[in-house]
1. Which one is most open to solvent (accessible area, probe 1.4 Å), of the residues in the stretch B:29-69 that are more than 11 Å from chain A (Cβ to nearest Cβ), touching an Asp or Glu at 6+ places or on another chain (Cβ under 9 Å) and outside any strand (DSSP E or B)?
2. Within the stretch B:2-47, how many residues turn out to be closer than 14 Å to B:Ser93 by Cα and either in contact with a helix residue (DSSP H, G or I) (Cβ under 9 Å, 6 or more places away or on another chain) or of a type in the set (D, E, K, R) (or both)?
3. Report, by residue number, each residue of the stretch B:61-89 that is touching a Leu at 6+ places or on another chain (Cβ under 7 Å) and closer than 21 Å to A:Tyr36 by Cβ.
4. Just to confirm my filter: which strands (runs of 3 or more DSSP E) fall fully inside the stretch A:9-116 and include at least 1 residues that are within 11 Å of chain B (Cβ to nearest Cβ) and of a type in the set (Ser, Thr, Tyr)?
5. So which of B:Ser74, B:Ser86, B:Ser94 ends up being more than 8 Å from chain A (Cβ to nearest Cβ), surrounded by 20 or more Cβ atoms within 10 Å (Cβ to Cβ) and either of a type in the set (Gly, Ala, Ser) or under 19 Å from B:Gly52 (Cα atoms) (or both)?
6. Which residues, taken from the stretch B:97-112, are buried (at least 16 other Cβ atoms within 10 Å of the Cβ) and either over 15 Å from the mean Cα position of the chain (by Cα) or not in a loop (DSSP other than H, G, I, E, B) (or both)?
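The values are calculated or read from the model by the stated rules, or taken from the named source; none is laboratory data. It should be emphasised that the depicted structure is a prediction, and the values quoted were computed from it without experimental measurement. When we count neighbours, we look across all protein chains shown, and the Cβ atoms used for this are built from the backbone with ideal geometry, even at glycine. Side chains included, ligands, DNA and RNA excluded: accessible areas come from the protein's heavy atoms. Shrake-Rupley method; radii C 1.70, N 1.55, O 1.52, S 1.80 Å.
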Amino acid sequence: AQSVTQLDSQVPVFEEAPVELRCNYSSSVSVYLFWYVQYPNQGLQLLLKYLSGSTLVKGINGFEAEFNKSQTSFHLRKPSVHISDTAEYFCAVSDPDQGGSEKLVFGKGTKLTVNP
Amino acid sequence: EAGVTQSPTHLIKTRGQQATLRCSPISGHTSVYWYQQALGLGLQFLLWYDEGEERNRGNFPPRFSGRQFPNYSSELNVNALELEDSALYLCASSLAVGLGAFFGQGTRLTVV
């Protein structure tokens, strides 16, 4: 079964600093990878996804992520964060061979706190 | 275009009662997924419905059940509520594999 590890449960940064949120997944022949953001008392919003092709994917709100197959990683980055980026971020994986299912396996989440 | 909508937003029930949570997917999406987000346990897959059929379920007891209606909306029923069922229940819908699942705002279930 797939598993996802988010190495940092909390990441505090100052406004306008760069940030990297780390994600590793268990090895498989092929996977789809996603990053979601959850603002307080809200549902999940899709930030970006990797299906195939270019290993660098760009998402909304200035975020990007790089797929590294050899390291089974999919780290999320932003060159300059804003106070409004304070939220919890979830990395998720789905197995394209799940018979048509978009069933997602999530990491435990990383709480990003952007301080002024 | 309307997103995934869930109702009610909040639900308070007594231990032993039944809870019914509702979800309307994005128009055109035939698959609906239910997830439980409990404190300390993260997001766990509950159920997947597609074209009116239950296709897969997570590691939850049978008192968690649901159904999908012909219009693709879905209900999640939780019977014999226990205190540990207190959680945010998220519904998601998708059009096809790889396009990503789109989530609703969730129903906060509190069991007292």
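1. Ranking the qualifying residues of the stretch B:29-69, first place goes to B:Phe69.
2. First pass over the stretch B:2-47, keeping only residues closer than 14 Å to B:Ser93 by Cα: B:2-6, B:22-35, B:45-47.
Within this subset, residues satisfying the condition of being either in contact with a helix residue (DSSP H, G or I) (Cβ under 9 Å, 6 or more places away or on another chain) or of a type in the set (D, E, K, R) (or both) are B:22.
Matching residues across the stretch B:2-47 total 1.
3. If the condition is that a residue be touching a Leu at 6+ places or on another chain (Cβ under 7 Å) and closer than 21 Å to A:Tyr36 by Cβ, then B:Leu76, B:Ala87, B:Tyr89 are the ones that fit.
4. Result: A:32-38, A:44-50, A:87-94.
5. Answer to the selection: B:Ser74.
6. Step one: filter the stretch B:97-112 for residues buried (at least 16 other Cβ atoms within 10 Å of the Cβ), giving B:97, B:100-109, B:111.
Correct list: B:Val97, B:Gly100, B:Phe102, B:Phe103, B:Thr107, B:Arg108, B:Leu109, B:Val111.
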